[in-house]
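I have placed the structure first, in the form of structure tokens, so that the comments after it can refer back to it.
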Amino acid sequence: MGLLDNKTAIVTGSSRGIGAEVAKILAGEGAAVVVNYRQKAPRANKVVGDIQAAGGRAVAVGADLTTQEGVQALATAATQEFGSLDVLVLNASGGMESGMEEGYALKLNRDAQVNMLKAAIEQMREGSRVVFVTSHQAHFIGTVPTMPEYEPVARSKRAGEDALRDLLPSLAEKGISLVVVSGDMIEGTVTATLLDRSNPGAIEARRAEAGKLYSVEEFAAEVAKMVTADVESGHTEYVGGADYFGKGA
């Protein structure tokens, strides 16, 4: 018996990286998984194929989370495909991509997170769990400066976290819990790559400062653990970067 047998999970931004690994782990624990992508259908289909090849259940659903149609389609896909929605992993984020509209970081990292959760709440059963994935650079932005290149994204992600925490009372009324997972820079992610491109040596410097940076697979395992962890709603799970602790949140 898996920890998530007869449960359904949505993992946003799961066609690659941390989201893809989380989706695979949850499927391995018995969950049926909705793999979400914005544009890269072949990548999402590969994740689904890997899950199915391992004996799991999954479906790929394309949805732009910055649109109401997108969040609604993703929320209803879980119940349409698998009959329930029990887990929502809010992993999708961005803001450092080139060519995006002004204010895109806030639109994706705050507004889309809130809209996705509100749409999902309507489908979720009592006892369901929401996990929001963020970074120390965002979580601690009020007390610990970050690289200038990342600051707009960090502030937008912190705004998203704060907005989600504002929903804790309404989540409690429905018996739904929210857990935040905050991680140090993760080796091999798109964000780390873009940061290192705009600020050469940034990742190496952070690695030296922290002593260790988690890999995508290692961090994904920590995110997945929080789906079933016995913690109170509103709990923040810190992964790596011990030098941040004690500096406020």
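A few comments on the model shown:
- Using θ = phi - 60° in the Karplus curve 6.51 cos²θ - 1.76 cosθ + 1.60, the 3J(HN,Hα) couplings for the stretch 8-21 round to 10, 10, 9, 10, 6, x, 10, 7, 7, x, 4, x, 4, 5 Hz; x is entered for Gly and Pro.
- One decimal place: the segment ALA242-ALA41 gains 68.7 nm when fully extended, by the rule 0.36 nm per residue minus the C-alpha distance.
- Whichever lysines have a C-alpha closer than 19 Å to that of LYS7, once near sequence neighbours (fewer than 8 apart) are set aside: LYS24, LYS174, LYS225
- The stretch between ASP50 and GLU122 holds 22.9 nm of extra length on full extension. This uses 0.36 nm per residue minus the Cα-Cα distance.
- Accessible area in square angstrom per residue, the chain, 1.4 angstrom probe: 44
- Peptides 101-111, 11-21 ordered by average Cβ neighbours within 10 Å, highest first: 11-21, 101-111
- Cα long-axis angle, helix 112-121 against the chain (0 to 90 degrees, to the nearest 10): 30
- Summarising the overall dimensions of the chain from its C-alpha atoms, the Rg and Dmax are 16.9, 48 angstrom.
- Taking amide hydrogens as placed 1.01 Å from N in the peptide plane, the amide H of ARG57 sits under 5 Å from those of VAL33, each at least 5 positions away in sequence or on another chain.
- Two-decimal Rg/Rh across the stretch 48-98, once Rg and the Kirkwood Rh are taken from alpha-carbon atoms: 1.03
- What you get for the chain, charging only the Cβ of Lys and Arg (+1) and of Asp and Glu (-1), is a dipole of about 300 debye around the Cα centre.
- With a Förster radius of 30 Å applied to the C-beta separation of GLU204 and THR143, the computed FRET efficiency comes to 0.80.
- Helix 68-82 and the long axis of the chain differ in direction by around 50°, with both axes built from C-alpha atoms.
- Around the amide H of ARG125, modelled in the peptide plane, lie the amide H atoms of LEU85, all under 5 Å away and 5 or more residues distant in sequence or on another chain.
- 3J(HN,Hα) along the stretch 58-66: 7, 9, 9, 10, x, 7, 8, 6, 7 Hz, from the Karplus curve 6.51 cos²θ - 1.76 cosθ + 1.60 with θ = phi - 60°, whole Hz, x for Gly and Pro.
- Shown in residue order for the stretch 151-161 are the 3J(HN,Hα) couplings computed by the Karplus curve 6.51 cos²θ - 1.76 cosθ + 1.60 at θ = phi - 60°: 4, x, 5, 4, 5, 5, 6, 5, 4, x, 4 Hz (x for Gly and Pro).
- Farthest positive-ward along the stretch 8-245 dipole, Cα basis, beta-carbon charges - from ALA224, GLY95, GLY55: GLY55
- Accessible-area composition of the chain, carbon plus sulfur, in percent [1.4 Å probe]: 48
- Extension gain for the segment VAL231 to LEU168, taken as residue separation times 0.36 nm less the Cα-Cα distance, is 21.3 nm to one decimal.
The values are calculated or read from the model by the stated rules, or taken from the named source; none is laboratory data. What you are looking at is a predicted structure, and each value in this text was computed from that prediction instead of being measured. Note that each Cβ is placed from the backbone with ideal geometry, even for glycine, and that neighbours are counted across all protein chains shown. With ligands, DNA and RNA removed, areas are computed over all heavy atoms of the protein, side chains included. Shrake-Rupley method; radii C 1.70, N 1.55, O 1.52, S 1.80 Å.
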